[in-house]
Amino acid sequence: MEATPTEIPDVLILQPKVFGDARGFFMESWNEREFERLGIRARFVQDNHSRSAKGVLRGLHYQIKQPQGKLVRVVAGEIFDVVVDIRRRSPTFGKKAAVRLSGADHRMLWVPPGLAHGFCVLSDMADVLYKSSDFYAPEHERSILWNDPALGIHWPLDGIEPLLSAKDKVGKLFKDAEYFE
């Protein structure tokens, strides 16, 4: 497993070793010893699977209590994945990192607790799997507005209007969001 830091150094792009032949491929998507070697110490308690159509945009989500670390990967299709550092004491507070993930490249993204996370679907459909280090707690869930000009996220939507959930349409501006101390 190779790890490449992003603009937020503890957000890592992970490239697993993929062993392929005429039959298909094999890869380890989680190995506690290997991830600890990379500095990722997480106890995962929940696996999530979302399927979304082209143009769906989910996020930017976080839980103000019970913050979740996430190990994100795409098994089919392609997404543009974005994280925003909302840890007030972090040297990268307010910074963003973005990466394309696809089922073809097998890359994964480690999103530590304390960051807002979202993605948009670039392919006709995408299946996204992610492990979470804490349980989903809807009463603590928050959303930052996906298109807040202060964040300057350039979502590659190619002129199409994103498909948003009701909660994502009314996300807060970054300046009004609740942050982690």
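Since every read-out is calculated from the coordinates, none of them should be taken as a lab result. Note that the coordinates shown come from a computational prediction; the quantities given were computed from them, not determined experimentally. Here Cβ is always computed from backbone atoms with ideal geometry, including for glycine, and neighbour counts include all displayed protein chains.
Some observations on this one:
- The stretch between Val170 and Glu28, if pulled fully straight at 0.36 nm per residue, gains 47.3 nm over its current Cα-Cα span.
- Structure note, pairs Lys70/Lys172; Lys65/Lys175; Lys17/Lys167; Lys54/Lys172; Lys70/Lys167: Cα-Cα distances above 27 angstrom occur for Lys17/Lys167.
- Rg and Dmax [Cα atoms of the chain; Å; Rg one decimal, Dmax integer]: 15.8, 53
- Close amide H contacts of Leu145 (hydrogens built in the peptide plane, cut-off under 5 Å, sequence separation of 5 or more or a different chain): Lys172, Leu173, Phe174.
- Residues in segment 47-53 carry Karplus couplings, in order, of 10, 10, 9, 10, 10, 9, 7 Hz; the curve used is 6.51 cos²θ - 1.76 cosθ + 1.60 with θ = phi - 60°, and Gly or Pro positions show x.
- Note that segment 108-123 has calculated 3J(HN,Hα) couplings of 10, 10, 8, 10, x, x, x, 10, 7, 9, x, 7, 10, 8, 9, 8 Hz, one per residue in order, obtained from phi through the Karplus relation 6.51 cos²θ - 1.76 cosθ + 1.60 (θ = phi - 60°); glycine and proline are x.
- The ranking of Met1, Met108, Met27 by Cβ neighbour count inside 10 Å, starting from the fewest, reads Met27, Met1, Met108.
- A simple spin-label model places the labels of Gln66 and His140 0.7 nm from each other, with each point 7 Å out along Cα-to-Cβ.
- Loop-located chymotrypsin sites (Phe, Trp or Tyr not before Pro) in segment 117-181, at most 11 other Cβ atoms within 10 Å (DSSP): Phe135
- Long-range amide H partners of Val56 with built H, under 5 Å: Val121, Leu163
- Amide H to amide H, with H built 1.01 Å from N, Leu151 comes under 5 Å of no residue 5 or more places away or on another chain.
- Segment 1-40: GluC sites (Glu not before Pro) in DSSP coil with no more than 14 other Cβ atoms inside 10 Å: Glu7, Glu28
- The relative contact order of the chain, computed from alpha carbon pairs under 8 Å that lie at least 6 residues apart in sequence, is 29 percent.
- For Ile86, Ile79, Ile64, Ile144, the sequence from fewest to most other C-beta atoms within 10 Å is Ile64, Ile86, Ile144, Ile79.
- Estimated vicinal HN-Hα couplings, Hz - segment 56-63 in sequence order (Karplus 6.51, -1.76, 1.60; Gly, Pro = x): 5, 10, 10, x, 9, 9, 6, 10
- Top of Pro156, Pro113, Pro67 by mean-square fluctuation, Gaussian network on the chain, Cα under 10 Å: Pro156
- Of all segments of the chain bounded by trypsin sites (Lys or Arg not before Pro) found in a DSSP loop with no more than 12 other C-beta atoms within 10 Å, the longest spans 90-181.
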